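The values are calculated or read from the model by the stated rules, or taken from the named source; none is laboratory data. Worth saying up front: this structure is predicted, and the values here are computed from it rather than measured. Don't worry about glycine lacking a Cβ; one is built from the backbone with ideal geometry, like all the others, and counts go over all protein chains shown. Keep in mind that these areas ignore ligands, DNA and RNA; they rest on the heavy atoms of the full protein, side chains included. Shrake-Rupley method; radii C 1.70, N 1.55, O 1.52, S 1.80 Å.
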Number of protein chains: 4
Amino acid sequence: MNKLQVGIIGASGYGGAELLRLLLNHNQVEIAGINSRSYIGKPICELYPGFQEISDLVFVDEDAVIAASDLIFASLPHGISEPIAKKCADANKCFIDLGADFRLHDEADYQAWYNVPFKEKALHEQAVYGLSEIYPEQIKQAKIIGNPGCYPTSIGLALYPLMTTNYAFDEHVIIDAKSGVTGAGKELSEGSHFPNVNEAFHPYKVANHRHTPEIEQTLTEMHKQKVQITFVPHLLPISRGIISTIYVKMNEAINFDDLYQHYVDTYKNHTFVRVLENGKCANLKYVQYSNYCDISLHYDTRTHTLVLVSAIDNMVKGAAGQAIQNMNLMYGFAEDEGLKLIPPSF
Amino acid sequence: MNKLQVGIIGASGYGGAELLRLLLNHNQVEIAGINSRSYIGKPICELYPGFQEISDLVFVDEDAVIAASDLIFASLPHGISEPIAKKCADANKCFIDLGADFRLHDEADYQAWYNVPFKEKALHEQAVYGLSEIYPEQIKQAKIIGNPGCYPTSIGLALYPLMTTNYAFDEHVIIDAKSGVTGAGKELSEGSHFPNVNEAFHPYKVANHRHTPEIEQTLTEMHKQKVQITFVPHLLPISRGIISTIYVKMNEAINFDDLYQHYVDTYKNHTFVRVLENGKCANLKYVQYSNYCDISLHYDTRTHTLVLVSAIDNMVKGAAGQAIQNMNLMYGFAEDEGLKLIPPSF
Amino acid sequence: MNKLQVGIIGASGYGGAELLRLLLNHNQVEIAGINSRSYIGKPICELYPGFQEISDLVFVDEDAVIAASDLIFASLPHGISEPIAKKCADANKCFIDLGADFRLHDEADYQAWYNVPFKEKALHEQAVYGLSEIYPEQIKQAKIIGNPGCYPTSIGLALYPLMTTNYAFDEHVIIDAKSGVTGAGKELSEGSHFPNVNEAFHPYKVANHRHTPEIEQTLTEMHKQKVQITFVPHLLPISRGIISTIYVKMNEAINFDDLYQHYVDTYKNHTFVRVLENGKCANLKYVQYSNYCDISLHYDTRTHTLVLVSAIDNMVKGAAGQAIQNMNLMYGFAEDEGLKLIPPSF
Amino acid sequence: MNKLQVGIIGASGYGGAELLRLLLNHNQVEIAGINSRSYIGKPICELYPGFQEISDLVFVDEDAVIAASDLIFASLPHGISEPIAKKCADANKCFIDLGADFRLHDEADYQAWYNVPFKEKALHEQAVYGLSEIYPEQIKQAKIIGNPGCYPTSIGLALYPLMTTNYAFDEHVIIDAKSGVTGAGKELSEGSHFPNVNEAFHPYKVANHRHTPEIEQTLTEMHKQKVQITFVPHLLPISRGIISTIYVKMNEAINFDDLYQHYVDTYKNHTFVRVLENGKCANLKYVQYSNYCDISLHYDTRTHTLVLVSAIDNMVKGAAGQAIQNMNLMYGFAEDEGLKLIPPSF
């Protein structure tokens, strides 16, 4: 059987390199080509020595990748994916964008937070938001997917069951999130300089992070009513993972066991979301290097406050893993093909 | 001039050892003796090799420490300090407790969260809560001090200026706190086993931590009106420091610059509280190994939510440093004597 | 086709748990049972939450595991494997020991370093030392395998090509090795207490570590002449991996390019040993969570000293991965079945 | 009494900033000015927020610093200190160089390893090598000091007692050293990018590091006979500290207790060198943030190999602390003035 030919544009960044790492062990695909504007002609293993003797792929021209592929993944800064998506659409190729260009439906939001307009409006209308567990049917039909951001993935999955119940709660949700340093990418920066990060911890972009409109869009869509958030990300002195601690003030005392059961039921047929046993706390240690999203639920009876904690690996479920999960849905492969990654625990 | 004779009971734990480390460089005191029930006869440098050739102190009997000292510090699990405080009071010695026994004023609270009653009620009536910047006058007169917990210190200092203004806000405050592992102490435990902590991150005791009543007591006292919190601590994979991210929903839009200025004014004469320049974020890196509490203020105009971030070294301002600051106040020493510790920044 | 039934005895420790994690993704085997004396009746995911919803295996009795399995892995403290090996041999089952009991050929060595005699001498005569790349033919025929220690694996592979050339060198070799903390196991200890390890670094068991006789046995056997080592292990404040830096004094100036080429040639058909390009340095980052052993060669022309550096993941190539590689050899599976693990690089 | 006026040139780097941090707590000096070519006009606390509200120093012109100071420290890349030393000499000011320009006595060595000649030969003749414990008399008389490199400090102190005995040993010494990341400085680089360093470990500049000639110069001078080294540094995923593990092959079996006693005797009057009790191992944890050099001795009786392990904080004893210790010697201050830093142990 012929394997699906896939290409990666922007494969020199962390998201692209992680995609390659996972796709190399996917039984239904073949890597047709990888691209990076800055490294054309260089082998991937020069940038990421982990690939030595495993992959001899060399970065090639963007058009060559598109031509050779049935499906193209892009992992690029915002504004750069859109014209590539156009080329893919014109060539009738499928496109999964790990960047920000196809996540926001509302051009005004995009312009407000990214300072650029939509240039290819028709493509944005087609694009599907790839939160795999929530929009599987749309994903199966999609030709263009906006793969969710890492924070929005962890938050959207944690809040989905609540947003679709009849419980009444304050539609202003507090989200205190913490991410590992790979989230800041491969580029050198003061913020990723080891002596600045090691044994350090601090918030950043307080109530001002670009994932804010994406999260609000998702929650509002789920809840069918406007949801606002105060979103404060922090930088963890570790390599991988995101913990989001989410505070929802319930309008009145709830039966927590019922809500817990609703969470369990919602996700019982979803391989990659694990609702933890009551009393346990989600922990990065048990999702790293895997595609799992672990969710723990807690209830402060004194103040009727629901506390949701979700843990993902920002590079896997928060980026490359979910992109592959979306590909699996699109092409009818087993949802966990290439993603049977068991978290190491130590 | 004769130096003040000080003793440490429970000097084998982290809090006690840090006290010793700092007191050895304090110009007005002399260490009269150190005690640890489990290590009598052993030198401190066997437990903490950092003291080699610096201190040849050996753990001795508790009564010997009390007899030799003018002021006794205790750093012990709850329930164990109280009888020692009684001995000190009977011998007319001053007492600073780094444990939990003298922090809560209300016996019912203490019993509810610690499962033991007050045995020496008279002592509890005398005891002063040692949040140095907030209660300096009472501390100067005190003979017994309940030194605040690490989380309550970081939170009390961050909220004090707000609690004493006329702004109207939701008296249910969300506090998402993160602590380094020394907070869990010297005892071996699964939770402090390196492969479990390293590259991990998780909340614990969600809405259920024993510092909750202490924080609510402090805030309520400051605000002169009941304040409730939802308090969620997390374990950071680092050794030292606490970041508390605090969310206060304002009843209406505020002039943030005014509030910021009120913070600056409140702390302008307090050496150890630094209100960061607008736009900066508090960061553990810049308080570790010092007695500073750094506070940054942020305001989410979209939701009228005030975000306060405070950073301390849990072992210094959150324990031993503040205890020494209290001693300095009690004995009329310069407030920063023994505490001129400049954070390393790297 | 019926899959090979495998059991794990001592599956509650890190070595056993890692074996389980890898075997669950091995296409040719089925887990027949797992055992741990201390946890009978408990599910694996209670100890290692990474397995939640992935494996519902529960620890059972040792004899049940043996009865249900064709091949038994044991990961146990020294002295405990030997009687289990006997049971397996009596039941005509194959046995791979990840512990120390079947590594040393010479009973006197074993007794000198472990203070116990061989009890089942016949088994020791049959046992094959499972350094996969070096003894593949013997491994294919073996019924009992002593899987090498983590340090000896990294050192044996690095020195093998040199030991089998005609270069003359000082047969006293200096080995400075550094291991992550998982090497110390799951048991709580002062040496694995986070505040003791984090931001720390120190040697331990200087010239006195139990892997010394195993390393000397291997080198002497390869070199067909007595080789002695001075072996100094250090504890790295990371979870996984071993770097061994090895110093060999050559008797005279050598042509380094020739020796380098000999290394390349020796390992060119071995998937799991990567001789790095000249000028590169082996790095834990590029072998973690994989079965690779990376080797870099360096030559100090000023002193005719060869410096070999090898990097492995102590839990994979240094334990569970190599055990599976040995199983693959024994049963004629593809050597990399279950081991196509690409190191993450970040 | 008038305090000594000191200036720091190159105060924006880690070495300079650490100097400032320590000098601010030195009772006999006053900071006359700080300089950094790239940051003139900026306050130090913008670069290092740890200094907020502690120092309001602003970077000024180099000449202004020299004019205002009695003693000038420089912490600069090689080649840049020499002309500054000249200016200081011409103005009859003392000069302590934390960089490489005045460490090597032999111009040929300097040229071979740094690719530049000596330009001010007279200054080099005057310059004293500032290994405080070894050359105190020369330091007391010096006007120009070449402060030793971090690796050479740790190695020189560890080998000095051996080099000055009559034991016969192989004059080719193997040194396996490990340094924290602050050793690589404040400049951004791939090698200091958090995701590349965290959970990583690797050697670098194998047998090729620029500290090699400095170490050989020191050992040869001590031993009064040529000593050669094979020096292999490694990068530790921690912020601070250097462990050097040193292997010396003795020509015949030695009485180890005698040698150990010789070490104890050599350093018994030196505050900052601690020869650890027999059986203990030097550990970074117990020297960090202090000026101590801890040395442990070990002997491999099987191979007559002496193993010396030394631990320092690379920023303190390996740079700023030793520079201050040298200043204390030059000006007759107490040797430990400003350096009574007790290592935290946790």
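Under the criterion of Cα pairs below 8 Å and six or more residues apart, the relative contact order for chain A equals 17 percent.
Label positions at C:T165 and B:F256, each projected 7 Å from the Cα along the C-beta direction, are separated by 6.5 nm.
Distances from B:A68 to the same residue in each other copy, label points 7 Å out along Cα→Cβ, in nm, shortest first? From this label point to the equivalent ones elsewhere in the assembly: 4.7, 6.2, 7.7 nm. Largest GNM mean-square fluctuation among D:E214, D:E190, D:E18, using chain D with Cα springs under 10 Å: D:E190.
Which percent, nearest 5, of DSSP beta bridges in region B:151-314 are antiparallel?
Rounded to the nearest five, the antiparallel share is 70 percent.
When a/c is below 1.5 the answer is rounded, else prolate if a/b is larger than b/c, else oblate, so apply that to region C:111-151 with a ≥ b ≥ c taken from the square roots of the Cα gyration tensor eigenvalues.
It is oblate, given that a/c is not under 1.5 and a/b is not larger than b/c.
Projected over every direction and averaged, the convex hull enclosing the alpha-carbon atoms of region C:171-244 yields 5.1 nm². Of all DSSP-defined beta bridges confined to region B:1-77, some 10% are antiparallel rather than parallel. Hydrodynamic analysis of chain B uses the Kirkwood radius over alpha carbon pairs. Inserted into Stokes-Einstein at 25 °C and 0.890 mPa s, it gives a translational diffusion coefficient of 120 µm²/s.
Buried accessible surface for the A/B pair, both sides summed and rounded to the nearest 100, is 3700 Å² with a 1.4 Å probe. Using the Cα gyration tensor of region A:214-299, with a ≥ b ≥ c the square roots of its eigenvalues, what is the shape: rounded (a/c below 1.5), prolate (a/b larger than b/c) or oblate (neither)? The shape class here is oblate. Taking the axis that rotates chain A onto chain B, the chain A residue nearest to it by Cβ, with the distance rounded to whole Å, is A:D176, 2. Would you please classify the overall shape of region C:151-314 from the alpha carbon gyration tensor, given that a ≥ b ≥ c denote the square roots of the eigenvalues, rounded means a/c under 1.5, and beyond that prolate means a/b larger than b/c while oblate covers the rest? Because a/c hits 1.5 or more and a/b exceeds b/c, region C:151-314 counts as prolate.
Which of the pairs D:K178/D:K224; A:K86/A:K268; B:K121/B:K226; A:K317/C:K280; A:K285/C:K119; A:K119/A:K140 have their Cα atoms more than 30 Å apart in this structure? List each step's numbers first, then the result.
Values: D:K178/D:K224 28 Å; A:K86/A:K268 38 Å; B:K121/B:K226 24 Å; A:K317/C:K280 33 Å; A:K285/C:K119 41 Å; A:K119/A:K140 25 Å.
Where the Cα-Cα span goes over 30 Å, the pairs concerned are A:K86/A:K268; A:K317/C:K280; A:K285/C:K119.
In this simple spin-label model, placing a label point 7 Å from the Cα along the Cα-to-Cβ direction at both A:N208 and A:Q126 gives a separation of 3.8 nm. Rolling a 1.4 angstrom probe over region B:4-126 with all protein chains present gives an accessible area of which 49% lies on carbon and sulfur atoms.
Inter-copy label distances at D:T164, shortest first and taken from points set 7 Å along Cα to Cβ: 5.1, 5.9, 7.8 nm. Its residue count N sets the reference 2.2 N^0.38 Å, and the alpha-carbon radius of gyration of region D:1-75 equals 0.98 times that reference.
How many Å² of accessible area per residue for chain B, probe 1.4 Å?
It amounts to 33 Å² per residue over chain B.
Relative to the Cα centre, the charge distribution of region B:43-191, modelled as +1 at Lys and Arg Cβ and -1 at Asp and Glu Cβ, gives a dipole magnitude of about 240 debye. Taking one quarter of the surface of the convex hull spanned by the alpha-carbon atoms of the protein assembly as shown gives a direction-averaged projected area of 50.8 nm².
What is the percent carbon and sulfur in the accessible area of region B:222-308, measuring with a 1.4 Å probe over the protein chains and ignoring ligands? All intermediate terms of the calculation are to be shown ahead of the outcome.
Values: 1240 of 2830 Å².
After summing per-atom areas, the C and S share lands at 44 percent.
Annotation for C:N92, label-to-label distances across the other copies: 6.2, 9.1, 10.1 nm (shortest first, one decimal, point 7 Å from Cα along Cα→Cβ). In region B:36-127, the inverse of the mean reciprocal separation of distinct Cα atoms equals 14.6 Å; this is its Kirkwood hydrodynamic radius. So which residues of region A:139-187 lose at least 20 Å² of accessible area, probe 1.4 Å, when you go from the chain by itself to every protein chain present? SASA drop of 20 Å² or more in region A:139-187: A:H172, A:I174, A:D176, A:K178, A:V181, A:T182, A:K186.
Taking the Cα centre of the protein assembly as shown as reference, the dipole from Cβ charges on Lys and Arg (+1) and Asp and Glu (-1) amounts to some 0 debye.
For region D:1-74, the relative contact order is 42 percent, taking Cα pairs closer than 8 Å that sit 6 or more residues apart in sequence and dividing their mean separation by the residue count. With an 8 Å Cα cut-off and a minimum separation of 6 or more residues, compute the relative contact order for region D:199-346 in percent. Here the relative contact order equals 22 percent. Between 0 and 90 degrees, the angle of helix C:256-267 with respect to the longest Cα principal axis of chain C falls at about 20 degrees. Contact residues in region A:23-55 (at least 20 Å² less accessible area with all protein chains than alone, 1.4 Å probe): A:N25, A:Y48, A:P49, A:G50, A:Q52, A:E53, A:I54.
Compute the separation of the alpha-carbon centres of region A:259-334 and region D:121-180 and state it in Å as a whole number. Distance between centres, Cα-based: 57 Å. Under a model in which nothing but the beta-carbon of Lys, Arg (+1) and Asp, Glu (-1) is charged, chain B shows a dipole of about 240 debye around its Cα centre.
The angle between the Cα long axis of helix D:212-223 and the longest principal axis of the Cα atoms of chain D comes to about 60 degrees, rounded to the nearest 10.
Only DSSP H runs of four or more residues enter the estimate; each adds -39500 (n - 2.57), and after division by the residues of the protein assembly as shown the mean residue ellipticity at 222 nm equals -8500 deg cm²/dmol. All other residues with a Cβ under 14 Å from the Cβ of C:L329 taken together, and with Lys, Arg as +1 and Asp, Glu as -1, what is their net charge? Every neighbour counted, the sum reads -3.
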